[in-house]
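These notes are about the structure you will find just below.
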């Protein structure tokens, strides 16, 4: 496994454990060259559908890209990496269970926004502002008004 700090290919496994949902093995590793520690996840490679982008392009579902987008929205927010990892694992499982060869990027984006709205309003607005590509400040303000009018949480009904 390539060390993310010094790029050495020599490392040793310090600890291994199964993730909560049982879909992966989390391994704690130590680089034999620079002694830095890092975490890797080992999971079964399963069929991944193509994601149909808004402009019609198709690209394979990329778990890392989804995690990166969520992490960016959650920067400096009280949302742990384990929460993101678990959500993306569940999303990936859900996508695979659908069995579709292609799915619109909108499906993934909407699932992410639903989860972020439950977790944290700021992370939700950050993600929504990029995902929805607001044309102007008015569209952005309308989204904020909707959030404020909903009491801040999607699940509140009164």
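The values are calculated or read from the model by the stated rules, or taken from the named source; none is laboratory data. Predicted, not measured: the structure shown is a model, and the values here were computed from it. Cβ sites come from the backbone with ideal geometry, for glycine too, and all protein chains shown count toward neighbours.
Of note:
- Residue within the stretch 36-52 that is touching a helix residue (DSSP H, G or I) at 6+ places or on another chain (Cβ under 7 Å) and at pLDDT 90 or above present: yes
- Among the residues making up the stretch 130-154, a single one is touching a helix residue (DSSP H, G or I) at 6+ places or on another chain (Cβ under 6 Å) and either at positive phi or modelled with pLDDT of 75 or more (or both): 152.
- Across the stretch 10-35, the qualifying residues are those that are outside any loop (DSSP other than H, G, I, E, B) and within 19 Å of the chain's Cα centre (by Cα), and the one among them that is modelled with the lowest pLDDT is 24.
- Residue match in the stretch 56-63 (condition: closer than 21 Å to residue 1 by Cα, in contact with a strand residue (DSSP E or B) (Cβ under 6 Å, 6 or more places away or on another chain) and not in a helix (DSSP H, G or I)): no
- Residue 20 meets each of the listed conditions (1) closer than 16 Å to residue 93 by Cα; (2) out of contact with any helix residue (DSSP H, G or I) (no Cβ under 7 Å at 6 or more places or on another chain) apart from (2).
- Cβ-Cβ contacts under 9 Å between residues 6 or more apart (or on different chains), taken from a first residue in the stretch 1-30 that is in contact (Cβ under 8 Å) with a residue 60 or more places away in the chain to a second residue that is part of a loop (DSSP other than H, G, I, E, B), are listed as 23/44; 24/44.
- Conditions (1) surrounded by 14 or more Cβ atoms within 10 Å (Cβ to Cβ); (2) under 29 Å from residue 2 (Cα atoms); (3) touching a residue at least 24 places away in the same chain (Cβ under 8 Å); (4) in contact with a strand residue (DSSP E or B) (Cβ under 6 Å, 6 or more places away or on another chain); number of the one not met by residue 88: (4)
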